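Structure, as C-alpha cells:
The values are calculated or read from the model by the stated rules, or taken from the named source; none is laboratory data. Predicted model, so just to flag it, every value in this text is computed and none were measured. Note that each Cβ is placed from the backbone with ideal geometry, even for glycine, and that neighbours are counted across all protein chains shown. Only protein heavy atoms, including side chains, enter the accessible area calculation; ligands, DNA and RNA are left aside. Shrake-Rupley method; radii C 1.70, N 1.55, O 1.52, S 1.80 Å.
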Amino acid sequence: LGLLYQEYRDKSTRQEIETRRLQDSQTEPEESSPSEETPSEAEPTSTAENKAPPQISLLRNSNSRFNLWQDLPEIRSSGVLSILQPDEIKLQEAMFELVTSEASYYKSLNLLVSHFMENERLKKILHQSEAHILFSNVLDVMAVSERFLLDLEQRVEENIVISDVCDIVYQHTVNHFSVYITYVSNQTYQERAYKQLLQDKPAFREVISQLELDPKCKGLSFSSFLILPFQRITRLKLLVQNILKKVEEKSDRESTALDAHKELETVVKACNEGVRKMSRTEQMISIQKKLEFKIKSVPIISHSRWLLKQGELQQMNGPKTSRTLRTKKLFREIYLFLFNDLLVICRQIPGDKYQVFDSAPRGLLRVEELEDQGQSLANVFILRLLENADDREASYMLKASSQSEMKRWMISLAPNRRTKFVSFTSRLVDCPQIQCVHPYVAQQPDELSLELADVLNILDKTDDGWIFGERLHDQERGWFPSSMGEEILNPKIRAQNLKECFRVHKSDDSQRRKLGSRNRQ
C-alpha cells in the first residue's frame, strides 16, 4: 500500500465519522443504489463460485492508495457487484479493510525497523540495553505481522469474493499474538527511555530529527511508529467487530467472528493490564513514601491495589449548625487518595508529604449531594464513612472547585451510585450517545482516553463541559471533555449502535449467565 498505517488509520476512522454524521442527519434509511440491487432470480453463491478467480493486485502494487473492495478494477470488471446482495458487499468491504490495513501496518513496521532501528548512526549512539528498551521485540512483532499478512493475501487471492478472514485472525491470535503483550507491556519503560535519550544525548536527538525529515516518513514522528503495535492490536479487535456486525446471524461466519473477537479481547486486555501493572507499581511506591500516619498505619502497597483518583478538596469546619457563618475559615484543605479498595484522607504538610488522619474501605463509602444553598456551599457534597479508622461512622462535608470535579469525586467514591443516564449494560432502550471526533489522552486516572470514531453512551454530564461516558466496544468508563465529541441525535442510529453492541458481546453475556448460574448453585 502507498499509505503508511498512521495515514491509513486516520483516513479510515475519519471516513467512519463522516458516515455516522450522514446517517445521523437522515430521518429515513437511505435507499439502496441501483448498482446494489439484486435481481430476484439471482443465486449469488453458485454464480460467484463458477467464475475464475482473478488475481487481486492491490497487495502487490506499491502505488495503490486507499481503496474500497468494490472500486477495484478486478471487482468492477467481474460483474460480481450485480450479483451480490448489498449486505454481502458491505461484509466484503469490512473483510477487505482488515486485509489492506494489515498491509499498511506491515509497511509502517518495516519502515520503523529498516529506517530507524537499523540505521548505522543510531546503532553507534545507542547502548545495546538502550536499543533493547526502545525497540523491544519489534522484530518478533513484524515477523508475526508478515506471516499473518501472507495468509490473508492467500485467502483474498483464492476467490474474487472473500469467503472469510476471521478464521485466520483466530488462528494467529491464539498461536502468535502474544508478542503484542510483550511489546505493549514495555511501553512505560519505552516512553521513559525515549524522553531520557532526547534529553541526555544531543547526538540521538539530532539523528532522530534527521530521520523524521526523510520523505519516507511523510512528516510522521518516530514516536508514532513506536506505538504502532498497541494501536494495531486494538484496531484489529474493532475491525473484527465490524465484520461481526455484518455477518448473517447464527451462521458459521458469525461463530468464527465471535471466536476471533473473544481471543483478541483477551490479548487486548492483557496488553492493557501489562501497561497498567508497570505504571501502577511505581506509582504506589511513590505514594507510600509521601504518607505519614497520624492514625494506625495502613499498608498501602499491594499487588491488587491501584490509584483511582487523588486531589485536594475543601473540608467544612465545625458542626453543621455553623454552615451559614460567613467566616474565612469556613473550609480548610484536605487531600484524598482514593484507591480501588481504600480511601485515605490526609492533610498536606511541608516537604511534599501528607499526614493521614482517617481512612476507610471503599466499599463502606457513601456520598450525598447537597441541594443548592448559595455560592459558599456550591459544589458541596457529604462523604460518609460507614466504618472509619476508629471503627466508627464519620461524615465529612466537602467542597470541590467545580461542578465537574464534585461529580467526578462522587462517582469515584461511590461507583454504584445511579448516574443521570443509565448504562447500556442495563439494557436501556435509548440513551444519549456521542461519537469522538478529536482524540483525547486521559490526564487523570478517572478519565478515559478516546480514539477517533469511538462511540460512547453518556452516563452523566456537567454544566462546565465534562461527560462521564461508557465506550460501547469495551464498556470502559471515564470522564472526558464534551468538546471531544459530537452527540448522536438520531434515535434510530443510537438504537442500531446498541443492537450491534449487544450482538458483539452476546458471547460474553452468555458466559456471564453461565457463571452466575454456577455461582447460584
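Pairs are defined by a Cβ separation below 9 Å, a sequence spacing of at least 6 or placement on different chains, a first member in the range 491-504 that is not assigned by the TED database to the domain that holds LYS245, and a second member that is open to solvent by 60 Å² or more (accessible area, probe 1.4 Å) and assigned to a helix (DSSP H, G or I); the pairs so defined are LYS492/GLN23; ILE493/GLN23; GLN496/GLN23. When the range 270-328 is limited to residues that are of a type in the set (Asp, Glu) and either within 30 Å of THR182 (Cα to Cα) or assigned to a loop (DSSP other than H, G, I, E, B) (or both), the one that is modelled with the highest pLDDT turns out to be GLU273. With the requirement that a residue be within 21 Å of LYS246 (Cα to Cα) and polar (S, T, N, Q), what does the range 150-170 give you? Result: ASN159, SER163.
Condition test on TYR183, is it open to solvent by less than 30 Å² (accessible area, probe 1.4 Å), in contact (Cβ under 8 Å) with a residue 24 or more places away in the chain, farther than 30 Å from ASP252 by Cβ and part of a helix (DSSP H, G or I)? So TYR183 fits the description; yes. LYS250 fulfils the conditions (1) part of a helix (DSSP H, G or I); (2) open to solvent by 30 Å² or more (accessible area, probe 1.4 Å) except for a single criterion, (1).
Working only within the range 85-102, note down all residues that are open to solvent by 10 Å² or more (accessible area, probe 1.4 Å) and in contact (Cβ under 8 Å) with a residue 40 or more places away in the chain.
Within the range 85-102, GLN85, PRO86, ASP87, GLU88, LYS90, GLU97 meet the criteria.
Pairs linking a residue in the range 105-117 that is in contact (Cβ under 8 Å) with a residue 24 or more places away in the chain to a residue that is open to solvent by 50 Å² or more (accessible area, probe 1.4 Å), with Cβ atoms under 8 Å and 6 or more positions apart or on different chains, are TYR106/GLU146; LEU111/LYS216; VAL113/LEU139; HIS115/LYS216.
When the range 209-239 is filtered for residues that are hydroxyl-bearing (Ser, Thr, Tyr) and either open to solvent by less than 50 Å² (accessible area, probe 1.4 Å) or within 22 Å of the chain's Cα centre (by Cα) (or both), the ones remaining, listed by number, are SER221, SER223, SER224, THR234. Residues that are assigned to a helix (DSSP H, G or I) and either more than 17 Å from LEU122 (Cβ to Cβ) or touching a Pro at 6+ places or on another chain (Cβ under 8 Å) (or both) within the range 211-223 comprise just one, PRO215. Here ALA103 does not fit the description of being in contact with a Lys or Arg (Cβ under 6 Å, 6 or more places away or on another chain) and under 24 Å from ARG9 (Cα atoms).
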